[in-house]
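What follows is calculated from the coordinates using simple rules that are stated; it is not laboratory data. Predicted model only: the values in this text are computed from it and were never measured. Positions of Cβ are backbone-derived with ideal geometry, glycine not excepted, and every protein chain shown enters the neighbour counts.
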Ligand code: SF4
């Protein structure tokens, strides 16, 4: 867990991921859609009948197996959202909100939601494919947006087209999306919003994608290389080889106590920072015990933190696992549930254990 020869830094997870919107203009074949079924494709279905794929071409890979009980709706930019953030923030000692989707830049009030979260005392970040960032990032920056993590699904039109639904495997459309992504990154630079690029590296055949990203995009763009959980050692070795080929030097290792995230920071010869992000096998001590996915292969994300959803009945729902959406609780129930205590206990116990190990 700790890396030899570089400092290890430990902090506590204080992030809330909020799914603000379900719509997206891409149809990536591997999308987990934050665990909810694609709303537009499942309107006529009841829980238990949700489908992973539908007429829109979009995908929600766990929707047929995760026991989802609701369809997602767009979070309203109103007092109800502010109250939900405040209540959950106090209950779980949270400091960061991470806006997700679908594609959050397509939410018509994304800047308003950003402002509400910032006023509630959160540092606000967003995960985006860059589709509409050029138009909304200036207002989001004014509202307090701190950082955008851009998901890079292809650095060329052919690469991006290849991971889209067959009906949308169109290089012209893909090039349009890549150009929009580049303009969104530029908008971040112009408006003082930090930008990073997340890119999954399944094996070494994907190395050219990473090299193109590093060569063609601004050095101000922090790059985060993610291993593919399904590809095991091939993926990890590919990332290590890419880093070695670029002359990357490891500088620090970061562990977030209470969730599965960990990352190692590297510095490239041109001073750009690159992170290698990996999943640790963290589980909720009680909730995960009897889970059917709790083995070495089926639990793909581990306990990744808390997610907030808004359902089509107008209820905020709190989730703890995208593979087990049946564990979601309405916000009012979550606040007094043992699950809340379990999350806090795990976070503090892990922090203390890691800190003691580091000190010893
Ligand atoms: S994080 Fe826990 S609940 Fe989710 S799949 Fe893994 S073991 Fe199951």
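Brief remarks follow.
- Peptides 181-189, 35-43, 279-287, 260-268 ordered by average Cβ neighbours within 10 Å, highest first: 35-43, 181-189, 260-268, 279-287
- Taking the inverse of the mean reciprocal distance over all distinct Cα pairs, the Kirkwood hydrodynamic radius of region 207-360 comes to 17.9 Å.
- Packing-based ranking, highest mean first, of 160-168, 22-30 given that Cβ atoms within 10 Å are counted: 22-30, 160-168
- Cα gyration tensor category, rounded, prolate or oblate, for region 1-59 with a/c compared to 1.5: prolate
- By the helix-only formula, in which each DSSP H run with n ≥ 4 contributes -39500 (n - 2.57) and the sum is divided by residues, the chain has a 222 nm mean residue ellipticity of -10000 deg cm²/dmol.
- Three principal axis lengths of the chain [C-alpha, angstrom, descending]: 56, 51, 41
- Cα-based shape type of region 32-113, given that a ≥ b ≥ c are square roots of the gyration tensor eigenvalues and the cut on a/c is 1.5: prolate
- The stretch between residue 357 and residue 211, if pulled fully straight at 0.36 nm per residue, gains 48.9 nm over its current Cα-Cα span.
- Region 117-257: C-alpha gyration tensor shape, a/c 1.5 cut-off, then a/b vs b/c: oblate
- With viscosity 1.567 mPa s and temperature 4 °C, the Kirkwood radius over alpha carbon pairs of region 87-170 converts through Stokes-Einstein to a diffusion coefficient of 92 µm²/s.
- Take the Cα of residue 332, go 7 Å toward its beta carbon, and the backbone nitrogen atoms of region 65-94 under 14 Å from that spot belong to 84.
- Efficiency of FRET from Cβ geometry, residue 69 and residue 345, R₀ 22 Å, rounded to 0.05: 0.25
- Taken along the Cα-to-beta-carbon direction at a fixed 7 Å, the label points for residue 170 and residue 298 span 4.0 nm.
- Sequence ranges 290-300, 337-347, ranked by mean other-Cβ count within 10 angstrom, highest first: 337-347, 290-300
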